[in-house]
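A short write-up of the structure that comes next.
Any read-out appearing in this document is the output of simple, stated calculations on the displayed coordinates, not a laboratory observation. Please read these numbers as outputs of a predicted model, since none were measured by experiment. Note that each Cβ is placed from the backbone with ideal geometry, even for glycine, and that neighbours are counted across all protein chains shown.
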Amino acid sequence: MRVEFLGHGLHKDHTNTVGHYMIDSFKNDDYYSFVGFSAFTKMSGINRIKKELLEASKKFKSLKFYLGIVPKGTSREALQFLIDNNIDTWIFCTSDQIMFHPKIYFFQGKHNYRFITGSSNLTSFGLFDNIEASTFFEFSKNNQQGKKLVRQFEEYFDPILNGTDKNVQKLTTEVLVDLEQSGFIWPESKTNAEYEFVKSNKKAFDKRKKLKFDKDSLGKIESKPPSYKNDSDYIPAITEDYLNSWPDFFELFKEFKKENRDKGEKYSVTVPRDYKNPSLYNWYLKQKIYHKNKILPEDHEKQLKQEHFYFGDAHKLWQEWKADTKLKLLQEAVDEGENIGLSQRYEYKGVRLGTWIQGIKKANKSGKKLDIMEKINDILDLSSKSRTPIDTATRFINDLLERENPNKANFQNRFNSALRDRIDELPDEIQQDIVDAWYLVFDEERPLGRIRTRQKDRTEEWKSFRYNKSINPEGIWSLTESKIGNLYHWIRQKRENRTRMELIRKNFNEQEKSELRREGFPI
């Protein structure tokens, strides 16, 4: 069972609020049922969780509120919102000298329960801003203590949850009108619980004399040292509850394996710390602790080994999996013709591959992760950072083509300083690429160090061949020389030279680019 103290409002930058946990729970795919109790309810609070609340109301099997009603405590806008959005809501309104005062937010899911109880009303101040205190419980459906907590909650509030209490009534438009006419419900701006209280509180506080207390007069509490030196020495007890719940957790573990089978045999049996079911993670850790200390029950060990449970260092294993995943993404990016730079900002499918590669290079300087760098080099040529004439020229061409608004004078100076005196060291095809790129970007004939003729762009001629059904019924971009003629050699250049293909990339729509990639063109 995971138990946490939720305190907010005392530290302005604190995000450990009931509101944040409610938003997270509404968004969590594991949960499908919600029950909320609140003494005061305002639209100010609903507004701050509205998006997630409305999404949950559509996907949850059950979503209910039970709200207290006292004069000027809950606002008309809040109740109207719940009615308008068909959110199942019940009110507790009584003439007795008591009030409905619990604040409970209870989520049920496929794997877990979440139970939040404390001082936070369903208002903006209560969920996020006031100095509030609550307790957060999260536990597996198989957790015995958790099941007892849920049972006690449901048994105690049974008359309210089932609507049989005389003071409980289903909220409808007619009921809201009746509450408003009788003086219970008011517009939000006229409710008391926050707005009027804050005003009067400020006036009274200004009249106070603020006295300081003597810190030295406070008593000291000596903390008792733990019975073990550190966490690694701690061995949790093998209790009867643990043994009784073991088969259920073992089934959850097998379900986890199925969910993660795409990660491979080792990785699918390694439960991460942030897994959606924290109770399963705790169970997983116990198996490793008991195995390490040779107290794991024999039948348990046998069943775990049958499922290929990994008793080794999971952290190291997950690092290997992350590296393998990024290597696969890098290979995919190269195969897709991505123009991969080594900037730390480079991303592919939301993964910062640039940052990762730079981190591996830095680790290599200390003799670490050399095997990963070798695999990266097998996929991607990292020589783009070198100063050889060819690499320098390639960077020059790529930058010229990729820069959004390239400055001609700057590129001329860059060529003069880095390439002009080394032009003879460049192959003819790269010299041709420089001339073609310059014309494409600046639309002018400009020899760079030696007179060359710009290569003719034959894209339209190529497209005519592609769409000519009489000679190319299958719509192929590249056929034999006997069918294409002398255009064949121009097309072949584009297939073999990424830079040449980049020069005419803008001439194709997305469908054409996709077809070209399938035929092996680097676009």
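Listed values for the range 507-523 are Karplus-derived 3J(HN,Hα) couplings in whole Hz (6.51 cos²θ - 1.76 cosθ + 1.60, θ = phi - 60°), namely 7, 10, 7, 5, 5, 5, 4, 4, 5, 5, 4, 4, 8, x, 7, x, 10, and x replaces Gly and Pro.
Output the antiparallel fraction of DSSP beta bridges having both residues in the range 2-197, as a percent to the nearest 5.
70 percent
In the range 389-442, inverting the average of 1/r over every pair of distinct C-alpha atoms gives 11.1 Å as the Kirkwood radius.
Peptide packing for 457-469, 53-65 was compared via the average number of neighbouring C-beta atoms within 10 Å per residue; ordered from the highest value, the list is 53-65, 457-469. Restricted to Cα atoms, the range 459-518 shows a radius of gyration and a Dmax of 11.1, 32 angstrom.
Taking amide hydrogens as placed 1.01 Å from N in the peptide plane, the amide H of T41 sits under 5 Å from those of T74, S75, each at least 5 positions away in sequence or on another chain. Taking 26 Å as the limit for the C-alpha separation, the pairs K51/K110; K50/K141; K349/K369; K110/K254; K141/K258 exceed it in the case of K50/K141. Scaled against the 2.2 N^0.38 Å expected of a compact globular protein of N residues, the Cα radius of gyration of the range 33-101 reads 1.11. Peptide packing for 137-150, 69-82, 89-102 was compared via the average number of neighbouring C-beta atoms within 10 Å per residue; ordered from the highest value, the list is 69-82, 137-150, 89-102.
Taking amide hydrogens as placed 1.01 Å from N in the peptide plane, the amide H of L6 sits under 5 Å from those of S134, T135, F136, each at least 5 positions away in sequence or on another chain. One compactness figure for the range 2-197 is 0.99, namely its Cα radius of gyration divided by 2.2 N^0.38 Å. Proximity of backbone amide H atoms, modeled 1.01 Å from N, is registered between T89 and F65, L171 at under 5 Å, excluding neighbours fewer than 5 places apart on the same chain. Shown in residue order for the range 160-172 are the 3J(HN,Hα) couplings computed by the Karplus curve 6.51 cos²θ - 1.76 cosθ + 1.60 at θ = phi - 60°: 7, 4, 9, x, 8, 5, 5, 8, 9, 9, 5, 7, 9 Hz (x for Gly and Pro).
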